[in-house]
Amino acid sequence: IKREVEEFKLQIHDLQFELASDSKYHDIKIDDLFNIKKGKAEYTNKFITENAGDYPLYSSQTKDEGVIGLINQYDYDCEAITWTTDGIYAGTPFLRNGKFSMTTHCGALILKDGIMDISLPYIYIFLRDNLRKYAIGEQNKRVTTNIIQNVHIPIPINAEGKFDLEVQ
């Protein structure tokens, strides 16, 4: 199963998309679709050592899928997109599913209640290809919650003007 999951991750990572010029879409702000969450300052190296467990703790690192350690608690149990908020790779997104927590160097996008016609892999691919362009700063780049909430994403719509999951 692990091998199949790794292959699926590679397939998602390698996906490219381009909206056809005749496609109809709505330009939607991240803030309109997602609850934007930030990690907690309590998750330090000392905390990780004293609270070892099975649940991933994500940070701003990009190696090991952003996992900085495994702890015995979690703050979220859902599908989400996380992103690195600072550092050289600020704005690097990851597609998540399951139980996890985050340090203050990581943020999460969790679909708002009632929004069911949005494909997280579609949003992930758009962010993977575009979010790092929004990073500010010279040495220590940042993509803050204030920045990401105003990122606009073109969401394909159908003839009725509703989000088109099939096109996504």
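Every number here is computed from the coordinates shown, using simple stated rules; none is lab data. None of these values were measured; they are calculated from a predicted model. Cβ atoms come from the backbone with ideal geometry, glycine included; neighbour counts cover every protein chain shown.
General remarks:
- Efficiency of FRET between Ile88 and Asn130 - r from beta-carbon atoms, R0 22 angstrom, step 0.05: 0.80
- Angle between the chain longest axis and helix 2-14 axis [Cα atoms, degrees, rounded to 10]: 50 degrees
- Anisotropy class of region 44-168 from Cα gyration tensor, a/c 1.5 cut: oblate
- Dipole magnitude for the chain: computed about the Cα centre from +1 point charges on Lys and Arg Cβ and -1 point charges on Asp and Glu Cβ, it is near 580 debye.
- Considering only Gln61, Gln73, Gln11, the mean-square fluctuation computed in a Gaussian network model of the chain, springs between alpha carbons under 10 angstrom, is largest for Gln11.
- Spacing of the two label points (7 Å from each Cα toward its C-beta) at Asp75 and Glu7, in nm: 3.6 nm
- Rounded to 5, the percent of DSSP beta bridges in region 24-137 classed as antiparallel: 90 percent
- Label point at Lys29 placed 7 Å out along Cα→Cβ; residues across region 123-160 whose backbone nitrogen lies under 17 Å: 144-155
- Tilt relative to the chain, helix 120-130 - C-alpha long axis, 0 to 90 degrees, to 10: 90 degrees
- Set Lys2/Lys63; Lys2/Lys112; Lys2/Lys38; Lys38/Lys99; Lys9/Lys99 screened for pairs whose C-alpha atoms are more than 20 Å apart: Lys2/Lys112; Lys2/Lys38
- Amide H contacts of Ile153: Ile28, Lys29, Ile30, each under 5 Å away and 5 or more positions distant or on a separate chain (H built 1.01 Å from N in the peptide plane; Pro and chain starts excluded).
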